[in-house]
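The values are calculated or read from the model by the stated rules, or taken from the named source; none is laboratory data. Keep in mind that this is a model prediction, so the values were computed, not measured. So basically every Cβ, Gly included, is an ideal-geometry build from the backbone, and we count neighbours across all protein chains shown.
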Amino acid sequence: MEKYILLRIKSIQRELDELRKILERKVEGKPPRQTKIKGLWAGLEVTDEELEEAKREVFRDAYKLKE
């Protein structure tokens, strides 16, 4: 149990550190950090249409009601 608590504390600390960085950039008036794609995806261009199609595929059953 103690190991779990320590892991959770470390996880929360990392999350708080990321939040602090985001808020500092916002207060300083800097734009959000741009996410960079490296490795396998470097140079790949994805269109808005492709993103929308992917969303439809991933979430196609998300809102279907069970009868």
| message | I need every pair where a residue in the range 23-36 that is on the phi < 0 side of the Ramachandran plot has its Cβ under 9 Å from the Cβ of a residue that is assigned to a loop (DSSP other than H, G, I, E, B), sequence separation at least 6 or different chains. | response | Glu24/Lys30; Arg25/Pro31; Arg25/Pro32; Arg25/Arg33; Lys26/Pro32; Lys36/Ala42
| Subset of the range 41-53 (residues that are surrounded by 10 or more Cβ atoms within 10 Å (Cβ to Cβ) and within 27 Å of Glu18 (Cβ to Cβ)) | Val46, Leu51
| field | Conditions (1) part of a helix (DSSP H, G or I); (2) among the β-branched types (Val, Ile, Thr); (3) modelled with pLDDT under 90: number failed by Ile37 | value | (1)
| Restricting the search to the range 14-40, which residues are of a type outside the set (D, E, K, R) and either surrounded by 10 or more Cβ atoms within 10 Å (Cβ to Cβ) or touching a helix residue (DSSP H, G or I) at 6+ places or on another chain (Cβ under 6 Å) (or both)? | Leu16, Leu19, Ile22, Leu23, Ile37
